[in-house]
Amino acid sequence: MTKSRAFLKWAGGKYKLVDDIAARLPHADRLVEPFVGAGSVFLNTNFSSYLLSDINPDLIGLYNTLKQTPERYVREASKLFVDANNDKDAYYGRRAEFNQCHDRFDRAVLFLYLNRFGYNGLCRYNKSGGFNVPFGSYKRPYFPEKELYFFAEKAQRATFLCEGYVQTFARCQAGDVVYCDPPYLPLSTTSNFTSYASGGFSLDDQAMLAFQAEDAARSKKLTVLISNHDTTLARKLYDKAELDTIQVGRSISQNGRGRKKVNELMALYRP
């Protein structure tokens with residue numbers, strides 16, 4: 001199967017790892033993802049249905065908008081991908097417009113623009129909930145029309161919900177398989193936790209997620225796969241799971257020259 005790219009740029013996206021992840025997921029009726037992110041695993045697996053959630057309301061609002069009105073969405077979003085908008089002042093004007101906007105469709109359109117024209121595909125908010133990613137200064141940001149339509153078509157088999165992982169685990173039923181891609185533990189104690197939505201993901205959350213996975217395997221007879229950095233703490237948190245690793249190239253320094261292989265930990269909980 002030809003791999004499909006997500007239409008969003010996303011920190012921690014799983015496009016390069018989808019084959020390794022999919023190989024660890026058993027056959028099931030439905031795939032549940034409590035941290036859907038850009039959706040690379042969803043796009044590159046073939047389950048009958050999907051339950052996909054995230055705590056970022058802009059992300060889920062965009063996915064539901066694209067699912068319901070793909071032609072209108074693609075038409076309106078494409079209008080922003082013009083040279084006049086690839087400008088610092090124009091970008092900050094659109095960002096301010098987004099932060100003042102309360103219409104779901106308009107926010108969804110602007111969210112894609114900010115994702116593609118902003119710095120490094122980051123999704124970051126200040127303490128007031130305002131999107132605050134700086135301008136990206138790219139030569140010509142790509143408009144992902146083909147990827148948008150592919151996502152919209154596959155989304156007909158998916159339910160998108162804005163909620164936390166605990167709520168999503170509570171919805172799991174017999175016949176489901178669960179894949180979790182949480183914000184990763186830091187590789188070192190000096191690293192900051194990645195936060196995709198205001199509120200962050202604490203050490204307590206990391207421990208609670210491990211508990212939820214263990215409980216789902218035991219009480220609901222579900223298979224749960226979690227990916228994270230391969231750290232001593234991760235191995236301690238997932239000590240009830242089957243653990244193995246895969247290597248992935250990742251830039252771990254700001255200048256980009258610090259690109260080296262780091263281990264990705266795969267924790268598999270079986271019934």
State the number of residues belonging to the stretch 11-48 that are open to solvent by less than 40 Å² (accessible area, probe 1.4 Å), within 19 Å of Leu148 (Cα to Cα) and in contact (Cβ under 8 Å) with a residue 40 or more places away in the chain. 9
Residue hits (the stretch 94-120; farther than 23 Å from Cys162 by Cα and open to solvent by 10 Å² or more (accessible area, probe 1.4 Å)) are Arg94, Ala96, Tyr119, Asn120
Residues of the stretch 52-93 being open to solvent by less than 20 Å² (accessible area, probe 1.4 Å), in a loop (DSSP other than H, G, I, E, B) and either over 20 Å from Lys146 (Cβ atoms) or assigned by the TED database to the domain that holds Ala170 (or both), which ones? Asn56
State whether the residues of the stretch 150-161 include one that is at negative phi, open to solvent by 50 Å² or more (accessible area, probe 1.4 Å) and modelled with pLDDT under 95. no
Just to be sure before I move on: is Tyr184 under 27 Å from Arg5 (Cα atoms) and in a strand (DSSP E or B) in the structure I sent? no
Going by the structure shown, is Gln167 touching a strand residue (DSSP E or B) at 6+ places or on another chain (Cβ under 9 Å), within 30 Å of Leu225 (Cα to Cα), open to solvent by 70 Å² or more (accessible area, probe 1.4 Å) and part of a helix (DSSP H, G or I)? yes
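The values are calculated or read from the model by the stated rules, or taken from the named source; none is laboratory data. Source: prediction; values computed, not measured. Methodologically, a virtual Cβ is constructed for each residue, glycine included, from the backbone with ideal geometry; neighbour enumeration extends over all protein chains shown. To get the accessible areas, we keep the full protein, side chains included, count just its heavy atoms, and leave off ligands, DNA and RNA. Shrake-Rupley method; radii C 1.70, N 1.55, O 1.52, S 1.80 Å.
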